[in-house]
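Before any comments, here is the structure.
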Amino acid sequence: MNQDQLNRRAEAAEAAVREAGALALDFYRRRGDLKIDSKGLQDVVSQADHDCESLIEAFLAREFPEDSLLGEEGGLRQNGPTLWVVDPIDGTSNFLRGVAHWCVSLGIVVDGRALVGFIYDPAADEMFSAVAGRGAALNGEPIRVSGETDIRRARIGLGFSYRTAVAPHARDVETLLDAGCEYLRLGSGALGLAYTACGRLDGYWERHINLWDVAGGLVIVEEAGGRISDFMTRDVATTGNEILAATPALFDPLRSLVDKA
Ligand code: IPD
C-alpha cells in the first residue's frame, strides 16, 4: 500500500471512529433503556455495540468497499488484503454500568502489521492516534510513553477476562505487588494501551486479549516509543494473544515478573 492510500484510509478511519463515538455516547446517555445480552461469564453486549459496529461497516462499504473488516460483534467480512479491525465499544461492561471508561478502537492491518490506529474516548473527547512512522498523538498533540525506569515507581494496567484461568492472574497481582509495582484494572484494554502511550500508565499486561481490543493500540504504543510483545502471530485474528506493553526500560523487568508468576 502506498502512502497516499494509507493517508486516505487514516483520514477515513478517524472520521469513522468519531461518528461511531458520537453514536456510542448517545447510547451511553440513555443506557438505562438498553437490553443487555450475555456472551459468556462477565461478558456483555447491547444494541449500542452492534449499531456502532454497523455504522463503521457501512462507512467502510461506502469508502473502501475493497477492504476487509473484522469486528468484535460481527466477525470477519472478508474482501481484500487490507483489514480494518474494530472494537465498537471496548469496556462494554463499564459502558453499561455508567463508568465513563470505554472507547471505540480501530486499527488497520496490512500484511500482518497494524499501520494505523485510532482509539476514541468520547466521554472525555480524547482521540489517540498513530500512523506507522509518523508518531503518536492525543487530540493532535504528540505523545510519548513515560520515562519510568524503576519498577518500584511504576503503575501498570492489568486486564483479566474469564477466557483465562483465575490463578495466573491472581499470581500476577501478587508478583507485581511484591516487586513494588502498582496496578490498575480499568476494564478497557484499548484504553490501557492508549494510557501507556501517553504516560498515564507505565505499561499494560493481559494474559489473553483479542485482536479487536488492541489493533488500534499496537501502533499507538510503538509510535509513542513504547515496547510491545509480539502480538501479531499468524492466527491472531481467531486466537487472540497475550499482550505486554511498556516503557522501553520496564519491558524486560515486567516480562520476567509475569513469566515468573
Ligand atoms: C474487554 C476489555 C477488558 C479486557 C478484556 C476485553 P470488551 O473488551 O478490553 O478490559 O480485559 O480482555 O475482552 O468486551 O469490553 O470489548
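Remarks
- In Å, descending, principal axis extents of the Cα set of the stretch 122-261: 40, 36, 29
- The angle between the Cα long axis of helix 211-223 and the longest principal axis of the Cα atoms of the chain comes to about 70 degrees, rounded to the nearest 10.
- With both labels modelled 7 Å from their Cα along Cα-to-Cβ, the ASP26 to GLU182 distance reads 3.9 nm.
- Taking each residue as 0.36 nm, the span from THR149 to ARG163 lengthens on full extension beyond its C-alpha to C-alpha distance by 1.9 nm.
- Since only THR175, VAL145, GLY159 are under comparison, the one whose Cα sits farthest along the positive direction of the charge dipole of the stretch 121-261, derived from C-beta charges on Lys, Arg, Asp and Glu, is THR175.
- Protein accessible area in the stretch 51-102, 1.4 Å probe - carbon and sulfur %: 49
- HN-Hα J in Hz across the stretch 93-99 - Karplus 6.51, -1.76, 1.60, θ = phi - 60°, x for Gly and Pro: 5, 4, 3, 6, 8, x, 9
- Relative contact order computed over the stretch 215-260 (Cα-Cα under 8 Å; 6+ residues apart), in percent: 34
- Normalised per residue, the volume of the convex hull around the Cα set of the stretch 92-140 (Å³): 65
- Area projected by the alpha carbon convex hull of the chain, averaged over all directions, nm²: 12.6
- Among SER54, SER68, SER38, residue whose mean-square fluctuation peaks in a GNM of the chain (springs only between Cα atoms under 10 Å): SER38
- Look at the alpha carbon pairs under 8 Å that are at least 6 residues apart: their mean separation over the length of the chain gives a relative contact order of 17 percent.
- Mean shadow area of the stretch 90-180 over all directions, Cα convex hull, nm²: 8.4
- Highest mobility in the GNM of the chain, judged by mean-square fluctuation with C-alpha springs under 10 Å and restricted to VAL214, VAL45, VAL145, is found for VAL45.
- Most fluctuating residue given options ILE243, ILE220, ILE119, as computed from a GNM of the chain linking Cα atoms under 10 Å: ILE243
- Centre-to-centre, using Cα atoms only, the stretch 1-23 and the stretch 142-205 are separated by 29 Å.
- Other-chain or far-sequence residues with amide H under 5 Å of LEU184's (modelled H): ILE156, GLY157, LEU158
- Antiparallel content of DSSP bridges confined to the chain, in %, to 5: 80
- The chain: angle of helix 166-178 to the longest principal axis, Cα-based, in degrees nearest 10: 50
- Overall form of the stretch 30-138 per C-alpha gyration tensor (a/c, 1.5; a/b vs b/c): oblate
- The stretch 5-54: C-alpha gyration tensor shape, a/c 1.5 cut-off, then a/b vs b/c: oblate
- Taking each DSSP H run with n ≥ 4 as -39500 (n - 2.57) and averaging over every residue of the chain yields -12500 deg cm²/dmol at 222 nm.
- With DNA, RNA and ligands ignored, accessible area of TYR183 (1.4 Å probe; Å², nearest 10): 70
- About its Cα centre, the stretch 35-150 has a charge dipole of approximately 100 debye under the convention of +1 per Lys or Arg Cβ and -1 per Asp or Glu Cβ, with nothing else charged.
- Heavy-atom accessible surface of the chain, averaged per residue, reaches 43 Å², computed with a 1.4 Å probe.
- Only Lys, Arg, Asp and Glu carry charge here, each on its Cβ (+1 for the first two, -1 for the last two); on that basis the chain has a dipole of about 440 debye about its Cα centre.
- Percent of beta bridges antiparallel (DSSP, the stretch 37-100, rounded to nearest 5): 60
The values are calculated or read from the model by the stated rules, or taken from the named source; none is laboratory data. None of the values given here were measured: they were computed from a predicted structure. Don't worry about glycine lacking a Cβ; one is built from the backbone with ideal geometry, like all the others, and counts go over all protein chains shown. Accessible surface is based on the protein model in full, side chains and every heavy atom, while ligands, DNA and RNA are left aside. Shrake-Rupley method; radii C 1.70, N 1.55, O 1.52, S 1.80 Å.
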